[in-house]
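Q: Pasting in a structure now, in structure tokens, and then I'll have a few things to ask.
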Amino acid sequence: MGKQFHDHDHLDRPQLESNGTRISRRKLIASLGTVGLASMAVSAGVYSQSVSESVYGPPDAPDSPNNKRPAVSTTIAALRAESRPLHSDLFYVTDPKREGFFVHDPNDQITADNNGTVLVTASGARLKRIVEGNTVSATWFGAIGDGTHDDTSALQAALNEAVNRSYTIVTIPSGTYKLTQELFLVKNTSVVMEQKTELLRSHGNNIFRNYRTSDVFNGYEGNGNITIENGILNCNALQYPHIASGMAFAHAECVTLRNVTIKDLPSGHAVELTAMKNVTFDRCSFLGFSHDGSKYYSEAIQIETATQAGFIGYSKDHTTTRDVTVQNCYFGNSSTPGMVPWPCGIGAHGSSYNGYYDRILVVNNTFDGSSYWSIRPFKWTNSVITGNVMNNVSGGIFVTMPAPGSESTKDVNGVVQPTQPASSVVIADNIINTASNTGIYVEGQISVNIHKIIVTGNIIHKTGGHAVNIKACNNGIIADNMIEISSKNGFIVADCSNTVFSGNIVRDVTFYGFNVSGSCKMLTIENNKITNASQTGNNVYDGIMLTGTGSDLRIIHNVIRTDLGKARPRYGLNIHRTNEKVVRYGNDLRCDAVSGALSDLSPAPVTSQEDLLS
């Protein structure tokens, strides 16, 4: 293949020659720069008949061929129609939105015409566009953006520039670009759109994909180092309801989406991440979802492992997705009739043995109207969920792990292995404002607990389920949360060990302030304040109730109160006889309970603050 002309080619920078002869292309470009070239192109006369006349002068000109004219103004059509050998090697194309300088590459006889950076004349000459800063525009390749013209080929041609460059920035101006096929991204590509640029899906597949169905990548070796900025990806679910995703990325690393809107998805995911690493979403919007009810769990951002069940379906090496940051994004509905908010903002619902979703950060996002869980950490590790706001959702945050014997416990050979837990997850300083189900739910397995969980500083207002449900958790801190108005329990705790509930404020709950059951061990409930438990009616539920077969339980310095005119609890603190090694002291149980402030039937509870030595 002939030599490609790149903007990073080294150019000589001599002084302009003063003897009236034409200087070389390289000397001209180096001496004048872009502004000078543009001025020269405008000043160069454009003859009315053909490129030949523009290059050589009018047929009767006494000094033809005109070798004194270094830059020739012309059109793409005129260049392509030229059947005579070119006696100039620098041209300025004047087609609207496709303007630019082209140089003749006499050494290239095979590169195909791509309608944007390479033009081929009728005589077979190859003209190469001078590209500055590795930045190409989709309009150079004929993209129109009027919403009716098929712009697929033009946009794909622009994206294909990355194949021959170290890095390519593809700009797409404002407009609506109709797509009849999905667009393929290769590595080292940046797509920069304007705020009102809209890519309109008019087919049954995704809008963007970083692999072809014939590709087989392993690990993170695929097409990465991709950035998409600004613009609207309209998946057009009502017109094209076939299940699809806005974008599908697999087996790669370093992908960033910044200030991108993805709207009106038909049943799939806004972004599918299969075996991806180092992915960032910043200030993106995920608007509008359409489904028949079967995709009630569908995530806007799905993180996935490369398994048989994974989206890619080709390289099943069990590479997992990790190092994902979702920050300052919005998840909700669009204004399109028939759309609903996303069921789930970000999460996963499958994994594999030894496949952990590690270092997932969900920070400062807003979720409106989620009909499943706003955030669903499934087998996440070393992850942080903080500063998010969830309004009028079904459930807030659901931390879970594979069930024993499930598909997500199989290894790369398809053999079921012991289930593995989520661990080291921080849920801090989130606001859940009205949830029809549970606010925060951490669900481990009795056989293998979720461990190292911190739930702190969250505000949970008005839940139809439990405010906080902690099940089968080992080594947890649940502290300084504020709960107000729950249709069930403030806290429900089951089968937890080495876990501390401290400094929480619970107010106006229908059932118990704390409902502790199962086989809890080394559990501490201290310095919590519970006001108005048992709002279902008088003498029904307790401020704090411990059933089950707990051991080594510390109930210390809690305050239980009932406001005037509110339903009164049965007991302030109620401990069943099946619990043992209870340490209880310093609790203020003056809550006007109907049956009594305290009922402790546990054997030999310790009720003093003296040191326990035996």
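Q: Can you tell me which residue within the stretch 450-468, out of those that are surrounded by 24 or more Cβ atoms within 10 Å (Cβ to Cβ) and not hydrophobic (A, V, I, L, M, F, W, C), is nearest to the chain's Cα centre (by Cα)?
A: It comes out as ASN458.
Q: Separate question: Please return the ranges of strands (runs of 3 or more DSSP E) entirely within the stretch 530-614 where 1 or more residues are closer than 23 Å to THR499 by Cβ and either in contact (Cβ under 8 Å) with a residue 60 or more places away in the chain or basic (Lys, Arg) (or both).
A: Answer list for the stretch 530-614: 551-556, 580-585.
Q: Right, something else. Which residue, of ILE427, ILE454, ILE460, ILE450, is within 28 Å of SER519 (Cβ to Cβ), hydrophobic (A, V, I, L, M, F, W, C) and in contact with a Lys or Arg (Cβ under 9 Å, 6 or more places away or on another chain)?
A: Matching residue, one of ILE427, ILE454, ILE460, ILE450: ILE450.
Q: When both residues are 6+ apart or on different chains and their Cβ atoms are under 8 Å apart, which pairs have a first residue that lies in the stretch 471-492 and is on the phi > 0 side of the Ramachandran plot, and a second that is among the charged types (D, E, K, R) and at pLDDT 95 or above?
A: From the stretch 471-492, the pairs are ALA472/GLU443; ALA472/ASP495; ASN475/LYS452; ILE485/LYS462; ILE485/ARG507; ILE485/ASP508.
Q: Out of all the residues in the stretch 511-546, which are among the β-branched types (Val, Ile, Thr) and crowded, with 22+ Cβ neighbours inside 10 Å?
A: VAL516, ILE525, ILE530, ILE544, listed by residue number.
Q: I want to confirm something. Restricting to the stretch 343-380 and keeping residues that are among the aromatic types (Phe, Trp, Tyr) and closer than 13 Å to ALA435 by Cβ, which single residue is nearest to the chain's Cα centre (by Cα)?
A: Of everything passing the filter in the stretch 343-380, PHE367 is nearest to the chain's Cα centre (by Cα).
Q: Within the stretch 490-520, take every residue that is under 33 Å from the mean Cα position of the chain (by Cα) and assigned to a loop (DSSP other than H, G, I, E, B) and give me the one that is farthest from GLY464 (Cα to Cα).
A: Top of the filtered list is CYS496.
Q: Every residue in the stretch 194-243 that is in contact with a strand residue (DSSP E or B) (Cβ under 6 Å, 6 or more places away or on another chain) and aliphatic (A, V, I, L, M), please.
A: Correct list: LEU199, LEU200, ILE207, ILE226, ILE228, ILE232, LEU233, ALA237, ILE243.
Q: Kindly establish whether ILE525 is under 25 Å from ILE446 (Cβ atoms) and either modelled with pLDDT of 95 or more or assigned to a loop (DSSP other than H, G, I, E, B) (or both).
A: Criteria met by ILE525.
Q: Follow-up. Kindly establish whether ARG584 is under 18 Å from LEU523 (Cα atoms) and of a type outside the set (S, T, N, Q).
A: Working: under 18 Å from LEU523 (Cα atoms): yes; of a type outside the set (S, T, N, Q): yes.
Yes, satisfied.
Q: Mind checking which residues of the stretch 563-601 are surrounded by fewer than 19 Cβ atoms within 10 Å (Cβ to Cβ) and of a type in the set (S, T, N, Q)?
A: Those that are surrounded by fewer than 19 Cβ atoms within 10 Å (Cβ to Cβ) and of a type in the set (S, T, N, Q): THR578, SER595, SER599.
Q: Checking the structure you have, find out if any residue of the stretch 184-199 is within 19 Å of the chain's Cα centre (by Cα), in a strand (DSSP E or B) and of a type in the set (Lys, Arg).
A: Checked against the condition, which is being within 19 Å of the chain's Cα centre (by Cα), in a strand (DSSP E or B) and of a type in the set (Lys, Arg), the stretch 184-199 yields no hits at all.
Q: State all residues of the stretch 359-401 that are charged (D, E, K, R) and buried (at least 20 other Cβ atoms within 10 Å of the Cβ); if no residue qualifies, say none. Please lay out each step first, then the result.
A: The first filter runs over the stretch 359-401 and keeps only residues charged (D, E, K, R), leaving 359, 368, 376, 379.
Matches in the stretch 359-401: ARG376, LYS379.
Q: In addition: Name every residue in the stretch 136-168 that is among the aliphatic types (A, V, I, L, M), closer than 21 Å to PRO96 by Cα and either in contact with a Lys or Arg (Cβ under 7 Å, 6 or more places away or on another chain) or surrounded by fewer than 19 Cβ atoms within 10 Å (Cβ to Cβ) (or both), in order of residue number.
A: Answer for the stretch 136-168, where residues must be among the aliphatic types (A, V, I, L, M), closer than 21 Å to PRO96 by Cα and either in contact with a Lys or Arg (Cβ under 7 Å, 6 or more places away or on another chain) or surrounded by fewer than 19 Cβ atoms within 10 Å (Cβ to Cβ) (or both): just ILE144.
The values are calculated or read from the model by the stated rules, or taken from the named source; none is laboratory data. Just so it is clear, the structure is predicted and the values come from calculations on it, not from any experiment. Don't worry about glycine lacking a Cβ; one is built from the backbone with ideal geometry, like all the others, and counts go over all protein chains shown.
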